[in-house]
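Structure first, then comments.
The values are calculated or read from the model by the stated rules, or taken from the named source; none is laboratory data. Bear in mind the structure is a predicted one, so any value in this text is a computation, not a measurement. No Cβ is skipped: glycine too gets one built from the backbone with ideal geometry, and neighbour counts run over all protein chains shown.
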Amino acid sequence: MEKEFKNLIKTRFPYLCNTRLLLAVSGGVDSMVLACLCAHAHLDFSIAHCNFMLRGEESDGDESFVRNFAEQLEVPFFTQAFQTEKYASEKGISTQMAARDLRYEWFEELRKTNRHEYILTAHHANDNLETFLINLIRGTGPEGLSGISEKNHKVIRPLLSFSRKEIEAYAAENKLEWREDSSNASDKYMRNKIRHQLVPVMMELNPQLLQSFAKTQDHLRENMDLVEDYISLLYPKLVQKDLYGYQIDLDFLKKIPSKNQILYQLLKSFRFTEWDDVYNLVDAQSGKMVFSPTHRLIRDRETLLLTERRVKTGRKHYVFEENEKFLMIPGGILRVKPVSEIGETAANKIYVAREKLNFPLVIRRWKKGDYFHPFGMKGKKKLKDYFRDEKFSIPEKEDTWILCSGEEIVWIVNHRADDRFKVEPETREILQVSFG
């Protein structure tokens, strides 16, 4: 196995030879073998160990064991204790998922802080098969069936082509010591139940299961590459980036027979889970939304808008006092200054009669029932109708400021002034109001 590992590094991961690496070592047989193989291959590495504080003294014993091992190898050692159960409870996720999130977040922080180029983990062929089966049982897309990636950004898994049997044989031959995680013996977790009950039956049916599975995954990845190429060709015609995120052209999307799969491929990295709701947006009414933990997808006329979720703030309005010259608010600076005459107008600049204003002015977001008198027109108009006629998207409406004098709207900022505050021949003082 050692010879095969060195050849693997030489042929598939040559970039690991001349850089600093961070090895994730739990103390189990897999990670201990990985550390020994890396040492024998003369790779430059440090060891990182996570204490998830889930098994009391056993967890502390794992930490001491790995610390001593790092000292024997004379390599840098890093460790971190985590309140895993508390984190899982706060996030509403399983303990296993919490441990995974905490582990990789810390590894990446360590990698950047200590200038390691890559993170190495000891996932092997059996782990890959188990992950495939877990995803298959729970339901998944093509990515879930393609298994664990050998390389994912800065995370490398150099043992993925080796079986658990090969790893344990290497450990026995080299008289390696390791720690047994008592929780691995319990069928409480799905992975353990698959490992202990399902995989042995599958191996009995096909002794070459791991090899067959590896070939199947190669085919799946090739198909995924083909899909990615197809998406790349469609992307310029289907998606446009704007100020708020991305717009997906529904007219174009509806002409594609596999529109649901296209949507899945476009949106899979944005953490949506309710995919039926996502697909139903294609034929939903304008204004309907679907949320992920980080983003929202909005049906807006003949487009789907993908934007980041808004963080609600306590500040709902700002006050502009009479003696102020400017006011900083999210999105820009509101400026008011007296001028002798009306100058050049622009979308972000209006001129109003000072004597018609009632200070302090208020700048706020629009609300239901708002109306104004559009400049140059007779009569009033509801803001919701103005937004509709001007084809404002939902994010645009959310980001639009309204400048008010008392309860009356002076300006839909950067869009349209109110006719009631316009400068007239008898105006005594002119104010220039701008935003940007």
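Restricting to region 90-106, what's the tally of residues that are touching a helix residue (DSSP H, G or I) at 6+ places or on another chain (Cβ under 9 Å) and in contact (Cβ under 8 Å) with a residue 24 or more places away in the chain?
4
If you scan region 251-276, which residues turn out to be out of contact with any strand residue (DSSP E or B) (no Cβ under 8 Å at 6 or more places or on another chain), among the charged types (D, E, K, R) and touching a residue at least 24 places away in the same chain (Cβ under 8 Å)?
ASP251, LYS254, LYS268
Which residue is farthest from the chain's Cα centre (by Cα), if the candidates are limited to region 385-436 and must be of a type in the set (Asp, Glu) and over 24 Å from THR307 (Cα atoms)?
Only one residue tops the list, namely GLU426.
Every residue, every condition in (1) free of Cβ contacts under 8 Å to residues at least 40 places away in the same chain; (2) under 20 Å from TYR244 (Cβ atoms); (3) in contact with a Gly (Cβ under 9 Å, 6 or more places away or on another chain); (4) surrounded by fewer than 17 Cβ atoms within 10 Å (Cβ to Cβ), yes or no:
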{"residue": "ILE342", "(1), (2), (3), (4)": "no, no, no, yes"}
{"residue": "ALA347", "(1), (2), (3), (4)": "no, yes, no, yes"}
{"residue": "PRO360", "(1), (2), (3), (4)": "no, no, no, yes"}
{"residue": "LYS368", "(1), (2), (3), (4)": "yes, no, no, yes"}
{"residue": "TYR371", "(1), (2), (3), (4)": "yes, no, no, yes"}
{"residue": "LYS382", "(1), (2), (3), (4)": "yes, no, yes, yes"}
{"residue": "SER405", "(1), (2), (3), (4)": "no, no, no, no"}
{"residue": "ASN414", "(1), (2), (3), (4)": "no, yes, yes, no"}
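Within region 38-65, count every residue that is under 27 Å from MET1 (Cβ atoms) and touching a residue at least 60 places away in the same chain (Cβ under 8 Å).
So the answer is 6.
Restrict the check to region 7-15 and report whether at least one residue is closer than 25 Å to GLU105 by Cα and in the same structural domain as GLU173 (by TED's automatic domain parsing).
Checked region 7-15: at least one residue is closer than 25 Å to GLU105 by Cα and in the same structural domain as GLU173 (by TED's automatic domain parsing).
So which helices (runs of 4 or more DSSP H) stay within region 1-101 end to end and still have 2 or more residues that are more than 31 Å from the chain's Cα centre (by Cα) and surrounded by 15 or more Cβ atoms within 10 Å (Cβ to Cβ)?
Answer list for region 1-101: 2-11, 29-40, 57-73.
What is the number of the single condition among (1) outside the structural domain of ILE9 (by TED's automatic domain parsing); (2) crowded, with 17+ Cβ neighbours inside 10 Å that TYR235 does not meet?
(2)
Looking at region 102-132, which of its residues are hydrophobic (A, V, I, L, M, F, W, C), assigned to a helix (DSSP H, G or I) and either surrounded by 20 or more Cβ atoms within 10 Å (Cβ to Cβ) or in contact with a Pro (Cβ under 9 Å, 6 or more places away or on another chain) (or both)?
Selection gives PHE107, ALA125, LEU129, PHE132.
Say we look at region 162-201 and pick out the residues that are without any contact (Cβ under 8 Å) to a residue 40 or more places away in the chain and in a loop (DSSP other than H, G, I, E, B); which of these is surrounded by the fewest Cβ atoms within 10 Å (Cβ to Cβ)?
The qualifying residue surrounded by the fewest Cβ atoms within 10 Å (Cβ to Cβ) is LYS175.
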